[in-house]
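Everything below concerns the one structure shown next.
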Amino acid sequence: MPQSLAKIYIHLVFSARNRERVLADEDRLDLHAYMGGILKGMDCMPIEINSEPDHVHGLFMLGRTVTVSEVVAGLKKSATDWLRARSPRYAVFHWQSGYGVFSVSQSAVETVRNYIRNQREHHRGKPFEGEYRAMLEKHGMEYDERYVWE
């Protein structure tokens, strides 16, 4: 019997527009759970989701029949709608246009998971912009500083 199998781990990073620090602590855990449900609905298995007031990290297994861009678009739109319905403070909320996606090997899943879990501690010493530049450079990704923050 023919089978089509895939096991692709993705580390997704995106921020609020203009890196505004708008994601309130009291909303974060519910937001993470909601985003996990959206991923499951797209046949993507969430492994870890965490956020800071200005950005989100997600680690998940990419579903076999969806593209990364479909997942990101669906996740951002659904999360935006959820936030706007949750509180008037998010009435004009938007995510940045772009995102970063990094492949993760099976052997690195726990390392990335722990990195995502410990975002609050990690950001005591490094702002998002520095963290993101370091991730891009670590993965050998070329980028244009003029557009990476849109």
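Looking at Ala134, Leu59, Val148, which one has the Cα that reaches farthest to the positive end of the dipole of the chain (charges on Cβ: Lys, Arg +1; Asp, Glu -1)? Of the options given, the answer is Leu59. Here is how the number arises for the chain: DSSP H runs of 4 or more residues each give -39500 (n - 2.57), the sum is divided by the residue count, and the result at 222 nm is -12500 deg cm²/dmol.
Using the Cβ of His11 as centre and a radius below 14 Å, the other residues enclosed give a net charge of 0, where K and R count +1 and D and E count -1. Partners of Lys77 within straight-line reach, counting lysines whose Cα lies under 19 Å from its Cα and excluding those fewer than 8 residues away in the same chain: Lys40.
Would you please classify the overall shape of the chain from the alpha carbon gyration tensor, given that a ≥ b ≥ c denote the square roots of the eigenvalues, rounded means a/c under 1.5, and beyond that prolate means a/b larger than b/c while oblate covers the rest? Intermediate results must be reported in sequence, preceding the final value.
Details: a/c = 1.58, a/b = 1.20, b/c = 1.32.
It comes out oblate by the Cα gyration axes.
Fewest-first ordering of Asp43, Asp25 by other beta carbons within 10 Å of each residue's beta carbon gives Asp25, Asp43.
Under 18 Å from a label point set 7 Å out along the Cα-to-Cβ vector of Ala6, the amide N atoms of segment 102-139 belong to 102-106.
Need the full-extension length gain, Ser103 to Arg21, defined as separation in residues times 0.36 nm minus the C-alpha distance. One decimal, nm.
Values: separation 82, 0.36 × 82 = 29.52 nm, distance 2.68 nm.
Fully extending the segment from Ser103 to Arg21 adds 26.8 nm.
Output the relative contact order of the chain, whole-number percent, from Cα pairs under 8 angstrom with separation of 6+ residues. Kindly include the intermediate steps, with their values, before the conclusion.
Working: 194 pairs, mean separation 47.1, N = 150.
31 percent.
Determine the dipole magnitude for segment 8-138: charges of +1 sit on the beta-carbon of Lys and Arg, -1 on that of Asp and Glu, nothing else is charged, the reference point is the Cα centre, and the result goes in debye to the nearest 20. Each step should come with its number before you reach the end.
On the way: 18 positive and 16 negative charges, 27 e Å.
The dipole magnitude comes to about 140 debye.
Each of Ser78, Ser15 has some number of other Cβ atoms within 10 Å of its Cβ, and from fewest to most they run Ser78, Ser15.
If each residue's Cβ is checked for other Cβ atoms within 10 Å, how do Lys40, Lys76, Lys7 rank with the fewest at the top?
Numbers: Lys40 13, Lys76 19, Lys7 9.
So the residues, fewest neighbours to most, are Lys7, Lys40, Lys76.
Each reported figure results from applying straightforward, stated rules to the coordinates on display, with no laboratory input. If you're wondering where the values come from, they're calculated on a predicted model, not measured in any experiment. Heads up, the Cβs are rebuilt from the backbone with ideal geometry, glycines too, and the neighbour counts pull from every protein chain shown.
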